[in-house]
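See structure below.
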Amino acid sequence: MVYVSVKVLNKEENISLDSIISELANADPDHYVGGIGLFIGLVKGKVNGSTVLSLEYSSIKDLAEKAMSQIAYEISEKYDLKGVLIYHRVGDLKPGETTLVIAVAGKSRVSVMPALAETLERVKKEVPVFKLEHRSDGDYWIIGDSTRIPRKTG
Amino acid sequence: MRIKVKAYSVFSEKVGERVVEVDNGLTVRDLVEILLGGLEYRGVSPLVFVNKEKSDLNRILKDGDEVILTPPFSGG
């Protein structure tokens, strides 16, 4: 039995590390878990020599939560995890603000660390989330992992 | 028939959220060509969802379908 929690959060909704840890610990009453792997994504302040003013995230919320849930269950089965949380934030986020939190709980680092890395890579590719980068040199759509297309206006 | 369309990211430059009136028997490919003026826009080919399910270009649309165009995803 695995505990899965996935959410698309608005900018205003806080993510508490303590609550993540207690959620995962409470879901493991037999204390099988020996470690939690945690990834926290932040908005970067510099890209290609330009200053990032903000990164505007949008999503197809129901499809995004469905995709994150599928990733969480598949990863937990593959790595015999006891808990997976994936929280993706949307809205206009400033450099330094949290965009994504992934926490995976498993028996040891041997399963937890690769599970964390694989979850992150899948979230980047499989969850319908879209980015518009507001920079000192203009606005850019980010397509896929890193392709940038200047936004046309007017 | 009436199809509700919505586009994300770069495709939102070309396609606003709206209802379009089209002929019966139209395929997803036909609709994408009508909306984007081709099968890609600014070098990006869309992923297409019909009623929140991923669709290929050959699907025949029905009255009331909801079509979403997106670029490759950009999570994280």
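Kindly indicate whether any position in region A:1-20 is touching a residue at least 24 places away in the same chain (Cβ under 8 Å), surrounded by 15 or more Cβ atoms within 10 Å (Cβ to Cβ), touching a Gly at 6+ places or on another chain (Cβ under 7 Å) and hydrophobic (A, V, I, L, M, F, W, C). Yes - at least one qualifying residue is present in region A:1-20.
Evaluate region B:48-63: report whether one residue or more is of a type in the set (Val, Ile, Thr), under 14 Å from B:Ala7 (Cβ atoms) and out of contact with any His (no Cβ under 6 Å at 6 or more places or on another chain). Within region B:48-63, one or more residues are of a type in the set (Val, Ile, Thr), under 14 Å from B:Ala7 (Cβ atoms) and out of contact with any His (no Cβ under 6 Å at 6 or more places or on another chain).
The set of residues from region B:6-28 being out of contact with any helix residue (DSSP H, G or I) (no Cβ under 8 Å at 6 or more places or on another chain), part of a strand (DSSP E or B) and free of Cβ contacts under 8 Å to residues at least 24 places away in the same chain comprises B:Arg18, B:Val19, B:Glu21.
Among the candidates B:Leu35, B:Leu69, B:Leu31, B:Leu39, the residue that is more than 10 Å from chain A (Cβ to nearest Cβ), at pLDDT 95 or above and assigned to a loop (DSSP other than H, G, I, E, B) is uniquely B:Leu39.
Scanning for something among the basic types (Lys, Arg), closer than 30 Å to B:Ser12 by Cα and modelled with pLDDT of 95 or more, does region A:58-67 turn up at least one residue? Among the residues of region A:58-67, at least one is among the basic types (Lys, Arg), closer than 30 Å to B:Ser12 by Cα and modelled with pLDDT of 95 or more, which makes the answer yes.
A:Tyr32 meets all of the listed conditions (1) in contact (Cβ under 8 Å) with a residue 12 or more places away in the chain; (2) assigned to a helix (DSSP H, G or I); (3) away from chain B (no Cβ under 14 Å); (4) out of contact with any strand residue (DSSP E or B) (no Cβ under 7 Å at 6 or more places or on another chain) but one, namely (2). For region A:77-86, state whether one or more residues are of a type in the set (A, V, I, L, M, F, W, C) and under 18 Å from A:His134 (Cβ atoms). No, region A:77-86 has no match at all. Assessment of region A:117-138 against the conditions (hydrophobic (A, V, I, L, M, F, W, C), exposed (fewer than 15 other Cβ atoms within 10 Å of the Cβ), assigned to a helix (DSSP H, G or I) and in contact with a strand residue (DSSP E or B) (Cβ under 9 Å, 6 or more places away or on another chain)) yields at least one matching residue.
Among the residues examined, A:Lys125 qualifies as of a type in the set (D, E, K, R) and without any contact (Cβ under 8 Å) to a residue 40 or more places away in the chain.
The values are calculated or read from the model by the stated rules, or taken from the named source; none is laboratory data. Everything quoted here is computed from the prediction, not taken from an experiment. Positions of Cβ are generated from backbone atoms using ideal geometry, with glycine treated the same way; all protein chains shown enter the neighbour counts.
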